Amino acid sequence: MLSRRLIVAGVVAAVLLPSLSASASHTPPNPAGETLRALAQRHGLYVGTAVNMDALQDPAESRYRELASTEFNTVTAENVMKWEALQKEKNGPYDFTEADKLIDFARKNRQKVRGHVLVWHNQVPEWLGKGVKDGSISKTELRAILERHVKTVVSHFRGKIWQWDVVNEAVTDPWDSPPSGITYRPTPAAGAGDNQVFWADHLGPGYIADAFRWARSADPQALLFYNDYNLEAFGDEGPMDKVQFVYNMTKNLRAQGVPIDGVGSQGHLSTQYGNYSAFQIRDALDKFAGLGVATAYTEVDVRSQRTPAVEAGDTKEINPRLQGSAFNYSALLQGCLMSRKCLSFTVWGFTDRYQWTNDWEFGGEGRTGLAAIYDTNYNPKHAYQSMRADLATAGAPYVQPRIPQKPKR
Ligand code: XIL
């Protein structure tokens with residue numbers, strides 16, 4: 001009886017309101033086949049990837065180009081905007097050829113670009129590290145060199161960058177010696193590439209505020225970010241808590257009128273450590289948003305140890321890793337979705353075919369990998385499907401559209 005009445009009502013509705021008949025249907029649209037970028041658009045969220053320029057330009061890698069252009073609506077240069085890639089010689093010209101190719105690719109595919117990175121202790125040119133070490137570059141000169149670098153790079157890309165990682169990884173980890181969570185550790189003098197305190201050691205901690213001001217003067221529109229790892233969740237909020245340290249630092253910078261618009265959480269996770277819940281992620285992002293800054297997940301990947309059994313293809317060891325990886329991608333993405341100032345979610349390479357954790361040494365972890373959302377043959381992994389499901393199933397009241405960020409003047 002009831003069902004007959006429903007059918008009649010359905011027919012009447014379909015006749016009277018033909019344009020609404022789809023919404024009266026019991027079958028919602030099927031997200032299978034939708035890309036990440038299409039699914040994210042409903043939330044105003046941008047989904048991105050780091051791009052490896054060699055792969056992007058390899059004639060044999062058309063699938064790489066296809067996925068990079070269709071699945072994502074923001075891209076980051078994995079390496080080609082780093083200082084060592086741009087200026088090979090002291091006082092030498094900048095070579096933006098590779099970086100410009102990425103800008104071009106993004107424009108063609110209607111993608112926003114995250115600029116990565118202006119001030120970092122790693123991947124600085126050899127001449128700079130050497131000059132600081134042997135004393136041929138004085139502190140005064142180093143400051144002028146950094147200022148020129150920031151202004152040159154930001155000016156070159158002016159108007160083409162959505163978010164700049166202005167300062168990257170300036171805060172030490174709590175397990176560093178002496179244990180801290182401080183940006184400025186005066187001894188011992190660090191070399192370029194050695195550790196997080198390289199710039200603070202040589203220029204004093206004020207270089208961070210300077211870098212943001214230099215960047216703003218060269219591009220008034222780009223959103224300026226501080227970017228770091230291990231920022232997923234607050235700890236005890238005490239002096240040893242790196243996230244709290246970054247929070248305090250951001251608060252102080254804002255209070256001084258420094259043009260910092262966002263905090264980027266890199267999101268390099270490993271399945272062997274404890275997992276975060278989506279709510280811890282959201283809480284951390286919301287706490288930063290309370291300072292008036294936007295947030296973003298900027299370099300997400302979830303690696304695992306590649307034990308001999310994993311290498312031999314043992315599914316008993318591989319499956320839990322793939323599931324652990326998917327869980328963490330999901331927790332970060334759900335947390336980001338629930339925090340309205342979380343503007344973008346970028347993965348650090350989308351395929352295990354080109355993924356830096358395959359070759360990197362993470363203290364004591366041995367060989368790692370399996371960190372991306374597509375496998376080495378570009379098959380989508382559980383992580384990819386979880387991301388799609390998260391984007392497809394999220395909605396009001398707990399997930400609402402992003403709140404845009406205006407550059408701080
Ligand atoms: C990595 C790249 O993925 C590698 O190809 C390169 O050899 C080293 O740097 N944090 C960052 C990124 O901010 O720039 C790093 O990228 C990964 C860690």
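The values are calculated or read from the model by the stated rules, or taken from the named source; none is laboratory data. In this text, all values refer to a predicted model and were calculated from it rather than measured experimentally. With ideal geometry, Cβ positions are generated from the backbone for all residues, glycine too; neighbour counts draw on all protein chains shown. These area figures cover heavy atoms from the full protein model, side chains too; ligands, DNA and RNA do not enter into them. Shrake-Rupley method; radii C 1.70, N 1.55, O 1.52, S 1.80 Å.
So, Leu45, is that one farther than 23 Å from Asp165 by Cα, buried (at least 19 other Cβ atoms within 10 Å of the Cβ) and modelled with pLDDT of 95 or more or not?
Criteria not met by Leu45.
Quick test for you: out of Gln266, Gln256, Gln221, pick the one residue that is open to solvent by 20 Å² or more (accessible area, probe 1.4 Å) and farther than 18 Å from Pro404 by Cα.
Gln256
Is region 27-40 home to any residue that is within 30 Å of Leu146 (Cα to Cα), out of contact with any helix residue (DSSP H, G or I) (no Cβ under 8 Å at 6 or more places or on another chain), more than 16 Å from the ligand (Cβ to nearest atom) and open to solvent by 40 Å² or more (accessible area, probe 1.4 Å)?
Within region 27-40 (the criterion being within 30 Å of Leu146 (Cα to Cα), out of contact with any helix residue (DSSP H, G or I) (no Cβ under 8 Å at 6 or more places or on another chain), more than 16 Å from the ligand (Cβ to nearest atom) and open to solvent by 40 Å² or more (accessible area, probe 1.4 Å)), the answer is no, since none of the residues qualifies.
So which of Arg409, Arg306 ends up being at pLDDT 95 or above and more than 16 Å from the ligand (Cβ to nearest atom)?
Only one candidate passes the filter, namely Arg306.
Considering region 352-399 alone, what residues qualify as being part of a loop (DSSP other than H, G, I, E, B), out of contact with any helix residue (DSSP H, G or I) (no Cβ under 7 Å at 6 or more places or on another chain) and under 29 Å from Arg340 (Cα atoms)?
Residues satisfying the conditions are Ala372, Gly395, Ala396, Pro397.
Please work out which residue is nearest to Thr74 (Cα to Cα), limiting yourself to region 327-343 and to residues that are out of contact with any strand residue (DSSP E or B) (no Cβ under 7 Å at 6 or more places or on another chain) and in a helix (DSSP H, G or I).
Of all residues in region 327-343, those out of contact with any strand residue (DSSP E or B) (no Cβ under 7 Å at 6 or more places or on another chain) come to 327, 330-331, 334-335, 337-338, 340.
Next, only the ones that are in a helix (DSSP H, G or I) stay: 327, 330-331, 334-335, 337-338.
Working: Phe327: 23, Ser330: 19, Ala331: 21, Gln334: 18, Gly335: 19, Leu337: 16, Met338: 20 Å.
In this case the residue turns out to be Leu337.
Okay, residues lined up against (1) of a type in the set (Phe, Trp, Tyr); (2) in contact with a strand residue (DSSP E or B) (Cβ under 9 Å, 6 or more places away or on another chain); (3) on the phi < 0 side of the Ramachandran plot; (4) at pLDDT 95 or above:
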residue	(1), (2), (3), (4)
Lys101	no, no, yes, yes
Leu118	no, yes, yes, yes
His121	no, yes, yes, no
Val132	no, no, yes, no
His149	no, yes, yes, yes
Ser155	no, no, yes, yes
Trp164	yes, yes, yes, yes
Ser180	no, no, yes, no
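Please list, ordered by first then second residue, the pairs with beta carbon atoms under 8 Å, 6 or more apart or interchain, first in region 152-175 and under 15 Å from Tyr94 (Cα atoms), second within 16 Å of the ligand (Cβ to nearest atom) and in a loop (DSSP other than H, G, I, E, B).
Val153/Met81; Val154/Ile161
For region 319-326, indicate whether the set of residues that are among the small types (Gly, Ala, Ser) and not in a helix (DSSP H, G or I) is non-empty.
So far as region 319-326 goes, no, none of its residues is among the small types (Gly, Ala, Ser) and not in a helix (DSSP H, G or I).
Against the definition (open to solvent by less than 30 Å² (accessible area, probe 1.4 Å), closer than 27 Å to Gly159 by Cα and within 16 Å of the ligand (Cβ to nearest atom)), how does Glu299 come out, yes or no?
So Glu299 passes the test.
Quick check on region 259-285: of everything there that is under 23 Å from Tyr398 (Cβ atoms) and polar (S, T, N, Q), which residue is farthest from the ligand (Cβ to nearest atom)?
Across region 259-285, the extreme among qualifying residues is Ser277.
Being buried (at least 20 other Cβ atoms within 10 Å of the Cβ), assigned to a helix (DSSP H, G or I) and modelled with pLDDT under 90 is true for just one of Ala211, Ala215, Ala200. Which residue is that?
Values: Ala211 fails: modelled with pLDDT under 90; Ala215 fails: modelled with pLDDT under 90.
None of the other options fit; the residue is Ala200.
Are there helices (runs of 4 or more DSSP H) fully within region 83-175 with at least 1 residues that are within 14 Å of the ligand (Cβ to nearest atom) and open to solvent by 40 Å² or more (accessible area, probe 1.4 Å)? List them. Steps first, please.
Values: elements: 83-86, 97-108, 126-133, 139-156.
Passing ranges, in order: 83-86, 97-108.
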